[in-house]
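Taking it in order: structure first as structure tokens, then the write-up.
What follows is calculated from the coordinates using simple rules that are stated; it is not laboratory data. Remember, it's a predicted structure, so these values are computed and weren't measured experimentally. Positions of Cβ are backbone-derived with ideal geometry, glycine not excepted, and every protein chain shown enters the neighbour counts.
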Amino acid sequence: MSATLVTNIGELTTLDPDARVLAGAAVVLDRGRIAWIGHPRQAPATDTVYDAGGRAALPGWVDSHTHLMFAGDRAAEFEARMAGQDYAAGGISVTMEATRAATDYELTRLLMGRVAEANAGGTTYLETKTGYGLDVTEETRHARIASTIVDQVTYLGAHLVPPGADGEEYTDLVCGDMLSAVRPYVKWADVFCERGAFTEEQSRRVLTACRDAGLGLRVHGNQLGPGPGVRLAVEFGAASVDHVNYLDDADVAALAGSWSGWDAETGTGEAGTVATCLPACDLSTRQPLADGRRLLDAGVQIALASNCNPGTSYTSSMAFCVSTAVLQMRLSLTEALRAATMGGALALGVQDQVGSIEVGKRADLQLLNAPSSAHLAYRPGMPLTGAVWRAGERVDRIAVGSAPLA
Ligand SMILES: N=CN[C@@H](CCC(=O)O)C(=O)O
Ligand SMILES: [Zn+2]
């Protein structure tokens, strides 16, 4: 792989610990890493030069919460919701049926198409979950396929008790044979702790078994109403709790307390539980937007993620999440950019590798078709992604769609 100089960058938002924003900068990408940052006139010689033409550059998005391993869609459910029906966890079983019926080839193609779409929108680091298999064979198949395509895979056997199964027996399976079978392919485990999905007691069993199996933990919590998800996540030292739409003062205090050993100035210390806000999902389910402002003001580290899935958030656009966070959640642009990059990296435990433009980190960056990153919120919905490099390679030019019609 040859070294590339990206030069004539109008505004370089590094999101490094000093929050440096450089005017008229250049970056060298070498062997998949960021090798140099500075003034174009001092740049070392490279094989390739890319003239950014005064465009803005920033780190690639880190999307720490997706459910990309699925077949089929649920447009009819979406339309019914827009006509007034509430979202219910039971819709997951519709996707389970379609996904179980898809071949390995079909699932691989669908997942690769979705990753390509995300890359083309500036996402360079992706987590995805299982959770539409819901039996030992299918959860394992989905985890195996996903592990060959995305950066990190999360085991979500505890997404829904499949139709016809007994909740307690199914929880035993999630904690037993299913966990053993998926274990080689996953780094994290998650549980949907919510009315209509898994109870506090069942969630506790899942988190205990998965922790004992050496997996890092995350929780879907407080999405559809107040509940024990946030409290459990903090108690178990989960890396993140995601959704966080309905929080009481004790939930916010627990999350803030988990960050007491963290130095926000330097971005070092003992990480707590990241609160992951999913604004695209909140809009698509007509839930109140997660109160990222309140969480930040309390000292909680937050992430923004797409939650791309066919039920509640069929978009992988992190730019859309960033504009919504600024326009509707009252985050500053810098707070939103940080949450969509370093916040996601923290939630995935890879803050030393990705999430900012710093020498030594993976060469993940995006150029905007705009002179400053403010345009992401200033011109919402516009096609602002210019060029995207992941580990030093361009990934924005793959013409592949995620939803083949035949
Ligand atoms: N809340 C649980 N899981 C997904 C929705 C999955 C679905 O409805 O298919 C979510 O994060 O929103
Ligand atoms: Zn989710």
Checklist entry - Do you know the relative contact order of segment 256-316, to the nearest whole percent, from alpha carbon pairs under 8 angstrom that are 6+ apart? => result 32 percent
Checklist outcome for this item: Over all viewing directions the Cα convex hull of segment 254-322 casts an average projected area in nm² of 5.1 nm²
Checklist entry - Between Ala370, Gly90, Asn245, whose Cα lies farthest towards the positive end of the dipole of the chain when Lys and Arg beta carbons carry +1 and Asp and Glu beta carbons carry -1, centred on the Cα centre? => result Ala370
Checklist entry - Roughly how many nanometres apart are two label points built 7 Å out from the Cα toward the Cβ at Ala250 and Ser93? => result 3.3 nm
Item to check | the chain: DSSP helices with Cα axial extent of at least 20 Å and average Kyte-Doolittle hydropathy no lower than 1.6 | outcome: none
Item to check | Karplus (6.51, -1.76, 1.60) ³J(HN,Hα), θ = phi - 60°, over segment 65-73, in Hz, Gly and Pro reported as x | outcome: 8, 9, 10, 8, 8, 8, 10, x, 9
Checklist outcome for this item: Once amide hydrogens are built 1.01 Å from N within the peptide plane, the residues lying 5 or more places from Gly386 or on another chain with amide H under 5 Å from its amide H are Leu367, Leu368, Asn369
Checklist entry - For the peptides 245-257, 39-51, 127-139, what is the packing order when you average, over each peptide's residues, the other Cβ atoms within 10 Å and list the highest mean first? => result 127-139, 245-257, 39-51
Next on the checklist: Need the full-extension length gain, Ala213 to Thr108, defined as separation in residues times 0.36 nm minus the C-alpha distance. One decimal, nm.
Outcome noted: 35.1 nm
Item to check | Karplus (6.51, -1.76, 1.60) ³J(HN,Hα), θ = phi - 60°, over segment 22-29, in Hz, Gly and Pro reported as x | outcome: 9, 9, x, 9, 9, 9, 9, 9
Next on the checklist: For Ala197, what residues show an amide H to amide H distance below 5 Å, using hydrogens built from the backbone and excluding near sequence neighbours?
Outcome noted: none
Checklist outcome for this item: Relative contact order as a percentage, segment 60-346, C-alpha pairs under 8 Å and 6+ apart, gives 18 percent
Checklist entry - Taking the DSSP beta bridges in segment 1-139 as the whole, what percent of them are antiparallel, to the nearest 5? => result 55 percent
Checklist outcome for this item: About its Cα centre, segment 60-346 carries a charge dipole, from +1 on Lys and Arg Cβ atoms and -1 on Asp and Glu Cβ atoms, whose size in debye to the nearest 20 is 540 debye
Item to check | Value at 222 nm in deg cm²/dmol, rounded to 500, when DSSP H runs of n ≥ 4 in the chain each add -39,500 (n - 2.57) | outcome: -9000 deg cm²/dmol
Checklist entry - Going from the alpha-carbon gyration tensor of segment 60-346, what semi-axes, largest first and in whole Å, does one get by taking the root of 5 times each eigenvalue? => result 26, 21, 19
Checklist entry - Can you list the residues, at least 5 places off or on another chain, whose amide H is less than 5 Å from the amide H of His220, using H built in the peptide plane? => result Val191, Phe192, Cys193, Asp242
Checklist entry - How many percent of DSSP beta bridges within segment 60-346 run antiparallel, rounded to 5? => result 10 percent
